[in-house]
């Protein structure tokens, strides 16, 4: 049986085995360009956060020295305040990272769940007549291709969008249900789940983000934490410690990871497409 793989794979098919290998094309150039842009953006976030932390600490340090706080203000109470502020900030970062990580894990679980639902729908279509089975399985293969295009940010050909393919799937399934009332209810339920999971995927990808107000609080507490640390150094009348640079790098790295996790589909940390890739290979090997 001769098989064909659409974007982004090129297939060499034998009678029993379909092997998909990556094919370089215009889409690969687009992906490489987009990845470079993302890397520059994440580098900008890292550099901007680092400079923001160092500048905030410098403001605190200079303010303390200009007030000659070392003569009227004791170092120990300011140190306790700095420790408390760092603790609050660490808690906020952990909480924010937890939100981003939960959203990432939800997207990964949705990918696996959707692949499983498509596979089961494909298998259950075997109870239908030959013409209906071929139609539905063809649509499911095309839908898996669309899922991979969507994950890679590639535009769909005319008539092969997710909405169009799901409409064809539902139309063919409804026709099968009308011809065999009560006999294909399990299959129809599974088709409904595929449609619902597509909606859930879009919700997780586009709307499950950290609120802007939350980012404002993170930025404010970042400033206050660095300011207090710098102020404490000024009260102690010490020189600027290189350890502050390490602190700035550490905070910037954590914030970059959180920002990247909060940008599904456009960041460096992406949900693996392997479940869909393996599903397409499996469907290509099966009978239509």
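Structure values in brief
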quantity: Condition met for residue 266 (out of contact with any strand residue (DSSP E or B) (no Cβ under 9 Å at 6 or more places or on another chain), outside any helix (DSSP H, G or I) and free of Cβ contacts under 8 Å to residues at least 40 places away in the same chain); calculated: no
quantity: Residue among 224, 128, 120 that alone is surrounded by fewer than 17 Cβ atoms within 10 Å (Cβ to Cβ) and either over 30 Å from residue 57 (Cβ atoms) or under 29 Å from the mean Cα position of the chain (by Cα) (or both); calculated: 120
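Residue-wise test of (1) modelled with pLDDT of 90 or more; (2) in contact with a strand residue (DSSP E or B) (Cβ under 9 Å, 6 or more places away or on another chain); (3) assigned to a helix (DSSP H, G or I); (4) surrounded by 15 or more Cβ atoms within 10 Å (Cβ to Cβ).
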{"site": "49", "(1), (2), (3), (4)": "yes, no, yes, yes"}
{"site": "70", "(1), (2), (3), (4)": "no, no, yes, yes"}
{"site": "77", "(1), (2), (3), (4)": "no, no, yes, no"}
{"site": "91", "(1), (2), (3), (4)": "yes, no, yes, no"}
{"site": "94", "(1), (2), (3), (4)": "yes, no, yes, no"}
{"site": "109", "(1), (2), (3), (4)": "yes, no, yes, no"}
{"site": "115", "(1), (2), (3), (4)": "yes, no, yes, yes"}
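The values are calculated or read from the model by the stated rules, or taken from the named source; none is laboratory data. The shown structure was predicted, so the numbers you read here are calculated from the model rather than taken from an experiment. Here Cβ is always computed from backbone atoms with ideal geometry, including for glycine, and neighbour counts include all displayed protein chains.
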